[in-house]
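Structure first, commentary second.
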Amino acid sequence: MHQTLLAPAAWLYGRMAQRRFEKNVSYRSRLPVICVGNFTAGGTGKTPLTQSIASLIAANGERPVVLSRGYGGAMRGPVFVDGQLHRAAEVGDEPLLLSRTVPVVISRDRRAGVQLIEAGSGEAGGADAVIMDDGLQNAALKKDLVIALVDGARGIGNGAVIPAGPLRAPMEFQFGLADAIVVNGRSAIEGRETAVLDELRRRFPGPVLEARVAPAGDVDWLGERPILAYSGIGNPARFFTTLSGLGANVVETRTFGDHHQFKEREASDLIAAAEALGAQLVTTEKDWVRLSREGGALEALQQASRPLPIRLTFEEQDSARLASLVDAAVKTGGYRRGVPQP
C-alpha cells in the first residue's frame, strides 16, 4: 500500500532524472573517463571499487585522477584535494580518503573539474585517465566505461524509484547507462546467497562481476579486546557484519547518518562508553578520516579509534575481466591524440 501511494511521486522523480540526463549536452574530455556509480541510493562500496580501478590503471604505468562531486563538503571546486590542508567538512569524506592514495579533484560542475585535470595542474602532475565517482546518472561528461555497483545483500530493493523505493531512476533506463555491473557481496539469507547476482545476470546483457569485501592488512588486533563499533556510512550494517565475520567480539554498535559530522558530545559519549565496556573503538576509514584535524573531543575520538581498512577482492576470472575492461577504456577512450572536441 505504501509503495502504491508513492507511485505517482516515484514516476515523476524517475521521469525528471531521465529527462535531465537526456537534455544534457555532454563534454568529451581528451582523457579517458571511467565512471563508478550505483543504481540505488545508499552505500554500495564505490570507494573501494574506485581504489581498485585506480590501482589497475597505475599498475600499467598510467596516472589516474579521481573526479568527485565532493558530497558532504562545503567547497564547490574545482580544486585538487590536499590531505594536509583540507577537512572532510570542506571536501567530503570520500575524496579526503581517496586522496591518500590517488590525486582527487572535487567539483560540483563535473565539466569544470575534468578541465582542471586536463590542464595538468595541481598534485596530479598530468593525468592519463579520469575516474568519475558517483556519476552514473550524470550526463555532464561522455564516459568510456561505466561500472555500476550493486549491494549483493540488498540488490535493487523493491525495484521502485525514490520515494517508493531505492532506485535513482527507472531500472531499464539505468541498465542502458552501464557497461558492466559489480555485485558487492552476497545475501545472508540461506538458500539465496547468489539471488541478486543471478537476477542481474539474467536481466543485464553485459558483464556482471562478483566482488567481496576483505580487510586490507592484518586484523589479528580485532580479537584482542571487545569491540564497540560505530559508523556513519550508507550501509553501516555491512560494516558491522564484516567485523563479526572477521571474528571480532562486537559488544555494542552505534549507527549514525550517512556522512555524519560528529559532534563533541557524541565523541565524548563514544569514548566514555568504550571505557566502561573495556572495549576498543572501531570504525570505517571514511568515519575515521572525517575526524581529522577537528580538535577537541573529535581528535580524541580519532586517536582512540582504529579504522578497519577494506578492499574489494574478485575471483581470478572476474578480476581479469575487470582489468581488461579498464585497460581497454584507458587505451582507446578520450581524445588524447588531439582530435577536436565535438
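If you go through segment 86-102 and keep only what is over 16 Å from the mean Cα position of the chain (by Cα) and assigned to a loop (DSSP other than H, G, I, E, B), you end up with HIS86, ARG87.
Residue by residue, here is whether (1) among the charged types (D, E, K, R); (2) over 27 Å from GLY73 (Cα atoms); (3) in a loop (DSSP other than H, G, I, E, B) holds:
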| site | (1), (2), (3) |
| --- | --- |
| ARG201 | yes, yes, no |
| TRP221 | no, yes, no |
| PHE239 | no, no, no |
| HIS259 | no, no, yes |
| PHE262 | no, no, yes |
| GLU266 | yes, no, no |
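Among the residues in segment 270-289, are any of a type outside the set (Phe, Trp, Tyr), in a helix (DSSP H, G or I) and within 17 Å of ASP151 (Cβ to Cβ)? Yes, there is a match, as at least one residue in segment 270-289 is of a type outside the set (Phe, Trp, Tyr), in a helix (DSSP H, G or I) and within 17 Å of ASP151 (Cβ to Cβ).
Of all residues in segment 46-53, one or more are of a type in the set (Gly, Ala, Ser), touching a residue at least 40 places away in the same chain (Cβ under 8 Å) and assigned by TED's automatic domain parsing to the domain that holds ASP144.
Note on segment 224-254: residues that are out of contact with any Leu (no Cβ under 7 Å at 6 or more places or on another chain) and more than 13 Å from LEU281 (Cα to Cα) total 12.
Do we have ILE162 as on the phi < 0 side of the Ramachandran plot, at pLDDT below 95 and surrounded by 16 or more Cβ atoms within 10 Å (Cβ to Cβ) here? So ILE162 fits the description; yes. If you go through segment 305-334 and pick out every residue that is at negative phi, over 21 Å from the mean Cα position of the chain (by Cα) and buried (at least 16 other Cβ atoms within 10 Å of the Cβ), you end up with 2. Would you say THR255 is surrounded by 15 or more Cβ atoms within 10 Å (Cβ to Cβ), hydroxyl-bearing (Ser, Thr, Tyr) and under 16 Å from ILE227 (Cα atoms)? So THR255 fails the test. Against the criterion of being at pLDDT 95 or above and farther than 28 Å from GLY135 by Cβ, PRO226 qualifies.
Taking ALA297 as the residue in question, decide whether it is surrounded by fewer than 17 Cβ atoms within 10 Å (Cβ to Cβ) and not hydroxyl-bearing (Ser, Thr, Tyr). So ALA297 fails the test. For the residues VAL196, VAL213, the requirement of being part of a helix (DSSP H, G or I) and either surrounded by 21 or more Cβ atoms within 10 Å (Cβ to Cβ) or β-branched (Val, Ile, Thr) (or both) singles out VAL196.
A Cβ distance below 9 Å, combined with a sequence gap of six or more or placement on separate chains, defines the contacts here; from segment 187-205, residues that are within 24 Å of VAL146 (Cβ to Cβ) reach residues that are small (Gly, Ala, Ser) and modelled with pLDDT of 90 or more in the pairs PHE204/ALA148; PHE204/ALA178; PHE204/ALA180.
Of all positions in segment 136-146, none carries a residue that is at pLDDT below 95, on the phi > 0 side of the Ramachandran plot and not acidic (Asp, Glu).
Residue-by-condition table, conditions (1) assigned to a strand (DSSP E or B); (2) under 30 Å from PHE262 (Cβ atoms); (3) in contact with a helix residue (DSSP H, G or I) (Cβ under 6 Å, 6 or more places away or on another chain):
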position	(1), (2), (3)
VAL65	yes, yes, yes
MET75	no, yes, yes
ALA112	no, no, no
MET132	yes, yes, no
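For segment 148-155, the criterion of being in contact with a Ser or Thr (Cβ under 7 Å, 6 or more places away or on another chain), assigned to a loop (DSSP other than H, G, I, E, B) and crowded, with 24+ Cβ neighbours inside 10 Å is satisfied by at least one residue.
Sub-7 Å Cβ pairs linking a first residue in segment 166-180 that is under 20 Å from LEU145 (Cβ atoms) to a second residue that is among the polar types (S, T, N, Q), at least 6 apart or interchain, are ARG168/THR40; ARG168/GLN137; ALA169/GLN18; ALA169/GLN137; PHE173/GLN18, ordered by first then second residue. Does ALA10 satisfy the condition of being modelled with pLDDT of 95 or more and touching a strand residue (DSSP E or B) at 6+ places or on another chain (Cβ under 6 Å)? No: the conditions fail for ALA10.
This table checks each residue for (1) within 15 Å of VAL289 (Cα to Cα); (2) crowded, with 20+ Cβ neighbours inside 10 Å; (3) of a type in the set (Gly, Ala, Ser).
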| residue | (1), (2), (3) |
| --- | --- |
| ALA237 | no, no, yes |
| GLY245 | no, no, yes |
| HIS260 | yes, no, no |
| LYS263 | yes, no, no |
| SER268 | no, no, yes |
| ALA274 | no, yes, yes |
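Say we look at segment 276-294 and pick out the residues that are charged (D, E, K, R) and closer than 20 Å to THR44 by Cα; which of these is surrounded by the fewest Cβ atoms within 10 Å (Cβ to Cβ)? Applying the filter and picking the extreme gives GLU285.
The values are calculated or read from the model by the stated rules, or taken from the named source; none is laboratory data. Please read these numbers as outputs of a predicted model, since none were measured by experiment. Here the Cβ is made from the backbone with ideal geometry for all residues, glycine too, and neighbour counts use every protein chain on show.
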